[in-house]
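Encoded as structure tokens, the structure appears first; notes follow it.
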Amino acid sequence: MKKTIFFILACIFTAFVSPIVRYYLTAIFRSVATPEWLIGILVPVIDWFIVFSLLLLMFFKPFILQELSKDQEFVPVDANEFPQLDINSLQRYTDALESAGFVQLIDFTMVSKSRGFARLFVHPQHYCWVEVNQMFLLGKLRPVVANIISTLEPDWSLSTTDRKTSGFLLGLTYLINHPRGLWINQPSVTLSKLLETHLQRLRQIANTLTLEVTELTDTSPDAYFALQRRERIKNKQAFQRKNMIVGMAEVLLFTVNPKQEWMGEYGDAVATKIRS
């Protein structure tokens with residue numbers, strides 16, 4: 001119900017504000033003798049950016065904060081409960097991970113309106129978790145993907161995934177992530193290459209910043225679920241402090257020039273360490 005109200009309010013707001021923005025933008029450009037063909041290009045683009053930024057400030061940010069405030073409930077499931085599940089791909093990931101020394105822990109789902117399936121693995125020696133999952137969003141079946149996760153003391157984390165997604169969606173991921181929640185996106189690579197990339201970058205970050213990779217003294221599913229809840233709290237706190245206009249500009253830049261990784265505060269931390 002709340003999502004419907006948000007959507008209706010957003011439509012009303014856009015219908016009311018957009019014509020006003022276009023009117024004044026056109027007047028400004030004409031006052032400086034801008035060619036009509038250029039006005040026809042600039043006005044819609046700038047109008048979209050202004051209106052969308054205002055929508056983010058008024059509706060999107062409160063909505064996302066509300067979502068991030070919800071408790072995460074992880075529930076054990078059986079793969080047979082998901083008739084849409086790509087069993088063959090799931091089994092390929094499972095075989096590859098077990099061959100690499102990972103231990104399968106649990107099949108689970110999160111209690112939400114858009115259900116998905118996930119299988120959790122852990123590697124005690126590499127100090128990393130792997131979540132292999134498939135999402136069922138808006139009636140559309142997403143491919144099975146893997147996400148490798150490690151943490152570093154005191155409050156850094158690194159995620160490496162083979163998920164295929166657009167630059168805009170990656171940009172939104174960046175917008176919500178906390179600045180020490182680093183991630184790498186490498187679609188269409190083998191699982192062995194994904195793991196190699198993750199471990200190499202993990203060692204690089206640990207050595208450069210003199211951090212300790214968090215040892216997994218507790219390799220139970222509950223420990224992983226607790227990690228996810230902590231990361232969600234950090235994301236919410238970072239998102240609360242986010243300037244949405246600046247953030248949206250960065251998302252658009254990210255869309256125009258997609259990146260396969262996001263290193264957050266890592267670069268600043270390296271510079272600070274060099275100066276000290």
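The values are calculated or read from the model by the stated rules, or taken from the named source; none is laboratory data. Because the structure is predicted, anything quoted here is derived from the model rather than measured. Please note: Cβ atoms are built from the backbone with ideal geometry, for glycine as well, and neighbour counts cover all protein chains shown.
When the stretch 138-155 is filtered for residues that are of a type outside the set (S, T, Y), modelled with pLDDT of 85 or more and assigned to a strand (DSSP E or B), the ones remaining, listed by number, are V145, A146, N147, I148, I149, L152, E153. Among the residues of the stretch 199-212, none qualifies, meaning not one is surrounded by fewer than 16 Cβ atoms within 10 Å (Cβ to Cβ), at pLDDT below 95 and in contact with a His (Cβ under 8 Å, 6 or more places away or on another chain).
Considered as a group, the residues in the stretch 104-121 that are modelled with pLDDT under 95 and of a type in the set (K, R) include one that is nearest to R92 (Cα to Cα), and that residue is R115. Of all residues in the stretch 192-241, those satisfying the criterion of being assigned to a helix (DSSP H, G or I), over 30 Å from K70 (Cβ atoms) and of a type in the set (D, E, K, R) are K193, E196, R201, R203. Here R92 fulfils each of the conditions (1) under 30 Å from P221 (Cβ atoms); (2) surrounded by 14 or more Cβ atoms within 10 Å (Cβ to Cβ); (3) at pLDDT below 80 apart from (3). Look at the stretch 120-134: where a residue is farther than 16 Å from R201 by Cβ and a partner is among the acidic types (D, E), sitting 6+ places away or on another chain with Cβ atoms under 7 Å, you get L120/E131; Q134/D86.
Can you give me the number of residues within the stretch 249-276 that are in a helix (DSSP H, G or I) and either among the small types (G, A, S) or at pLDDT 80 or above (or both)? Please lay out each step first, then the result.
Of the stretch 249-276, the ones in a helix (DSSP H, G or I) are 249-256, 266-275.
Cutting the leftovers down to either among the small types (G, A, S) or at pLDDT 80 or above (or both) gives us 249, 266-275.
Qualifying residue count, the stretch 249-276: 11.
Yes/no matrix, rows are residues, columns are (1) in the same structural domain as Q240 (by TED's automatic domain parsing); (2) surrounded by 16 or more Cβ atoms within 10 Å (Cβ to Cβ):
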{"site": "I50", "(1), (2)": "no, yes"}
{"site": "Q84", "(1), (2)": "yes, no"}
{"site": "L97", "(1), (2)": "yes, yes"}
{"site": "N147", "(1), (2)": "yes, yes"}
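A Cβ distance below 8 Å, combined with a sequence gap of six or more or placement on separate chains, defines the contacts here; from the stretch 227-243, residues that are touching a residue at least 60 places away in the same chain (Cβ under 8 Å) reach residues that are surrounded by fewer than 16 Cβ atoms within 10 Å (Cβ to Cβ) in the pairs Q228/Q72; R229/Q72; R232/Q72; K234/D155; K236/L65; K236/S69; F239/L65; Q240/L65.
Right, R163: in contact (Cβ under 8 Å) with a residue 24 or more places away in the chain, in the same structural domain as S150 (by TED's automatic domain parsing), under 23 Å from F74 (Cβ atoms) and not in a helix (DSSP H, G or I) or not? I'd like the intermediate steps shown before the answer.
Working: in contact (Cβ under 8 Å) with a residue 24 or more places away in the chain: yes; in the same structural domain as S150 (by TED's automatic domain parsing): yes; under 23 Å from F74 (Cβ atoms): yes; not in a helix (DSSP H, G or I): yes.
In short, yes.
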